[in-house]
Amino acid sequence: MKGRDLEPAELIRLYGGRARKRFGQNFLVNRSSLERIVDLAQLSEGERVVEVGPGPGALTSTILRRDVPLTAIEIDRDLAEHLRETFGDDPCFTLIEGDARKVDFGELFEGEAVKVIANLPYNVATPLLLQMIDQKTPPERLVLMFQKEVADRICAPVGSRASGWLTVAISARFIARIGLRLPPGAFVPPPKIDSAVIVLTQRETPLCSLEDEVVLRAIAELGFGQRRKTLRNNLKGVLSAEEIEAAGVDPQHRAEVLSMEQWLLLVRALDAETRQQMLEDSRSGDRVIK
């Protein structure tokens, strides 16, 4: 029997190990949920899938049953060995053993159309998301699992009370929505929080250039730095109240009420020196478009 034909419980039994807290591991075992997650990717012939943190391979096997090439990235040495033994003979399966945060996603996403499907480790989910979308050619669609609170923040409308800097950062190039909500009982071991699967679909036309997107993220982080404070206070290091007002934005507003159009007005209001500093800071923090 091929690995792609095995049920989640059997894959966990074959692995024989326990989920490791230091890697943020919780293994999804609900078969219908796994199928629904893969359905959300809307896979077509000629597309490749990248999976981050495959664990014992429950989602891996579900993807492979769709007969698409799959590259899985796994940091846990024992799990990597289990994945090689279970799926190594499958012609559609490729394994990268190592830390996903050190993977060259720009190179991995080159070539034919790529989609990402992943139950991301919650302790590194946000930086991994940013690393994957911070590419000149990001995936057309990403189907990613997050803890519910983070997923709701990402998918909140820009300008709503639930929005945050991550909402703004992602909205420049992607449309985000909740695709599926999962209770703790869908996992082994059950996490202490609810989970949600988000779908990120690349916009046909980005709302700004790649460089402006980097600056947008930086100014959004500042704007949401202290949520109860106004833009006048949170942005005083980069824009004065007069400059904010001249850009067409009320400096007494809080970040959560701004539209994407207003955020982009603030980006364009920055002077060249401040923009350059934000780009340099982004590079040093490994957040620049590559």
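Note the angle between two axes, namely the Cα long axis of helix 210-223 and the longest principal axis of the Cα atoms of the chain, as a number of degrees from 0 to 90, rounded to the nearest 10.
For 210-223 against the chain, the angle is about 70 degrees.
Taking only Cα atoms, what is the 0 to 90° angle, nearest 10, from helix 31-40's long axis to the longest principal axis of the chain?
Rounded to the nearest ten degrees, it is 50.
Give me the percent relative contact order of the chain, please, defined on Cα pairs under 8 angstrom at least 6 residues apart.
16
From the list (i) 31, 20, 18; (ii) 38, 19, 16; (iii) 73, 28, 15, can you say which value of semi-axes √(5λ) of the Cα gyration tensor in Å was derived from the structure given?
Here semi-axes √(5λ) of the Cα gyration tensor in Å agrees with entry (ii).
Could you give the nm distance between label points at residue 81 and residue 250, where each point is 7 Å from its Cα heading toward the beta carbon?
Placing both labels 7 Å along Cα→Cβ, they lie 6.3 nm apart.
What's the angle, to the nearest 10 degrees (0 to 90), between helix 260-269's Cα axis and the longest principal axis of the chain?
60
Helix-derived [θ] at 222 nm for the chain: sum -39500 (n - 2.57) over DSSP H runs of at least 4, divide by residue count, nearest 500?
Mean residue ellipticity, 222 nm, calculated: -10500 deg cm²/dmol.
Below 25 Å Cα-Cα, how many Lys pairs turn up in the chain? Only count pairs eight or more apart in sequence, or on different chains, if you could.
12
Only the coordinates and a few stated rules stand behind these numbers; no lab work does. Note that the structure is predicted; figures quoted are calculated from it, not measured. We place every Cβ from the backbone using ideal geometry, glycine too, and count neighbours over all the protein chains shown.
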